[in-house]
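The values are calculated or read from the model by the stated rules, or taken from the named source; none is laboratory data. For clarity, every value in this text was computed on a predicted model and none was experimentally measured. Here the Cβ positions follow ideal geometry from the backbone for every residue, glycine too, while neighbour counts run over all protein chains shown. When the accessible area is computed, the model is the full protein with side chains, heavy atoms only, and any ligands, DNA or RNA have been set aside. Shrake-Rupley method; radii C 1.70, N 1.55, O 1.52, S 1.80 Å.
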Amino acid sequence: MKIGFIGLGNMGFPMATRLLGEKHDVVAFDTSGAALDRIVALGAQPAASPKEVADRAETVLASLPTPAVCLEVATGATGVIEGSSVKRYVDLSTAGSQTAVQIHDLLAGRGIAAFDSPVSGGVGGAEKGALAVMVSGPRNEFDLVRTILEAIGRPFYIGEKPGSAQTMKLANNILAANVLVATAEVVVMGVKAGLDPAVMVDVLNAGSGGTSASRDKFPRAILPRTFDYGFATGLMLKDVRLYLDEARALGVPVEVAETIGRLWEAAARDQGADSDFTAIIKPFENAAGVTVGQADTPSV
Ligand code: NAD
C-alpha cells in the first residue's frame, strides 16, 4: 500500500521504518531536511509539503510535536486537507482531544476520515513494533487502518467519538509522568541513605514498588547517566498540561496531577524543554546533594 508519513522525529522515524519493512511504499515529509533525508535513505519517497503527501497517498499518517503543528499540518493552507488523493488521516501525535475534534470536523467536511491515534511505548516500542496504539474515529474505516497500524504495535479501538483515544493517552501519560517523578524522588532518598541505586531498582522490580520508570527508564537512561531515552521534557510537560486542561474541564479532582504538573514545569525551566525527560531526576539529586548512578559511578 502507498502510505504517507509526516513528521519523522524520534517516534516517526522508527514507525515509518517499520512500514517500509512491511513493504509499504512510503511518501514522507518533514520540515527538517535531515529527518527527511534519513527516511529517504531507507527507501521512502520525499514530498515537499503535507498537501503533496496527501496528493500521492490515500492513507496519511503523522507524528508531530504540538497541537498547533498537528492542526496546521492537517488543516492549513498546504495541509493534508488540500490533498487530491487522501481518503483517511491517522494522527499518531499526542495533541489532546480538543485538537483531535477540530481536525476530525474540518477533514470530515471534505470527506476525509480522521483518526486520532496516539501511541505509547517510547522509541524502543516503536523500533520493535510493540507500541500500544489507541484509535478513535469512524468504525467502518477502522479495519483497514488497523492492518496498517499492526506494523507499529497493538491497536486498541477506543471508540467512534473523535478525541476519545487522546483522552486515553493523556490518562496513560499522566501516570507515566507520575511514576517517573515518584521513582526519582524515592531512589534519591535511598542513595542519600547509602543504598546502591542499581540494587534498589532490582528490588523494586521484584517487589511491589516497581513502575514503568524502574523497569525501563532507570536501567536504560538514568542509571547509566546517558539521559537519552528519546522523549523531550517539553513534550512530557505538554502532555501533563493537556491532561490538566481536560480534567479541569470535566470538573474532576486533580490534586495529584497538579503536584506532578508543578514538578514538570520546574524541570522544563531547570533542565530546558529540549532535555530528555529522564533528566527530571537532576533537580532531586541537586536538592539532596547526591548523584544516582551505577555502583561504580562515584557519588557526590
Ligand atoms: P520529535 O520532536 O522528535 O519529532 C517531531 C518531528 O516533527 C520532527 O522531525 C520535526 O522536524 C517534525 N515537524 C515539526 N513541525 C513540522 C511540520 N510543520 N511539518 C512536518 N514535520 C514537522 O517528537 P517525538 O518525540 O517523535 O514525538 C512526536 C509525537 O509523539 C508527540 O506528540 C509526542 O508527544 C508523541 N510521543 C512521543 C513519544 C516518545 O517517547 N518520544 C512516545 C509517545 C508519544
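Looking at this structure, is residue 137 open to solvent by less than 50 Å² (accessible area, probe 1.4 Å), touching a strand residue (DSSP E or B) at 6+ places or on another chain (Cβ under 8 Å), within 14 Å of the ligand (Cβ to nearest atom) and not assigned by TED's automatic domain parsing to the domain that holds residue 216?
No.
Which of (1) closer than 24 Å to residue 2 by Cβ; (2) more than 16 Å from the ligand (Cβ to nearest atom); (3) not small (Gly, Ala, Ser) does residue 161 not meet, given it meets every other one?
(1)
Out of 99, 78, report the one residue that is modelled with pLDDT of 95 or more, closer than 27 Å to residue 273 by Cα and not aromatic (Phe, Trp, Tyr).
Unique residue meeting the criteria: 99.
Based on what the data block shows, is residue 273 assigned to a helix (DSSP H, G or I) and among the small types (Gly, Ala, Ser)?
Taking the combined requirement at face value, the residue does not satisfy it.
Out of the residues in region 59-73 that are β-branched (Val, Ile, Thr) and touching a helix residue (DSSP H, G or I) at 6+ places or on another chain (Cβ under 6 Å), state the one that is most open to solvent (accessible area, probe 1.4 Å).
Ranking the candidates gives 73 first.
What number of residues within region 59-82 are farther than 18 Å from residue 96 by Cβ and in contact (Cβ under 8 Å) with a residue 40 or more places away in the chain?
Result for region 59-82: 4.
Of the residues 240, 145, 179, only one is away from the ligand (no atom under 16 Å from the Cβ) and either under 22 Å from residue 272 (Cα atoms) or assigned by TED's automatic domain parsing to the domain that holds residue 97 (or both); which?
145
Only one of these is touching a residue at least 12 places away in the same chain (Cβ under 8 Å), surrounded by fewer than 21 Cβ atoms within 10 Å (Cβ to Cβ) and out of contact with any Phe, Trp or Tyr (no Cβ under 8 Å at 6 or more places or on another chain): 38, 56. Name it.
56
Matching residues to (1) open to solvent by less than 30 Å² (accessible area, probe 1.4 Å); (2) on the phi > 0 side of the Ramachandran plot; (3) within 19 Å of the chain's Cα centre (by Cα):
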| residue | (1), (2), (3) |
| --- | --- |
| 229 | yes, no, yes |
| 255 | no, no, no |
| 259 | no, no, no |
| 262 | no, no, no |
| 290 | yes, no, no |
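Scan region 1-10 for residues that are open to solvent by 40 Å² or more (accessible area, probe 1.4 Å) and within 13 Å of the ligand (Cβ to nearest atom) and report the count.
1
Have a look at 208, 212 and point out the one that is over 23 Å from residue 286 (Cβ atoms), open to solvent by less than 50 Å² (accessible area, probe 1.4 Å) and modelled with pLDDT of 95 or more.
Step by step, each of 208, 212 is checked, and only 212 is over 23 Å from residue 286 (Cβ atoms), open to solvent by less than 50 Å² (accessible area, probe 1.4 Å) and modelled with pLDDT of 95 or more.
Mind checking whether some residue in region 146-156 is open to solvent by 10 Å² or more (accessible area, probe 1.4 Å), free of Cβ contacts under 8 Å to residues at least 60 places away in the same chain and more than 21 Å from residue 3 (Cα to Cα)?
No - not one qualifying residue is present in region 146-156.
Can you name the residue in region 16-51 that is near the ligand (Cβ under 9 Å from one of its atoms) and part of a helix (DSSP H, G or I) and, of all such residues, is farthest from residue 275 (Cα to Cα)?
Checking each candidate, the answer is 50.
Looking at (1) in contact with a strand residue (DSSP E or B) (Cβ under 6 Å, 6 or more places away or on another chain); (2) open to solvent by 10 Å² or more (accessible area, probe 1.4 Å), which is the one condition that is false for residue 118?
(2)
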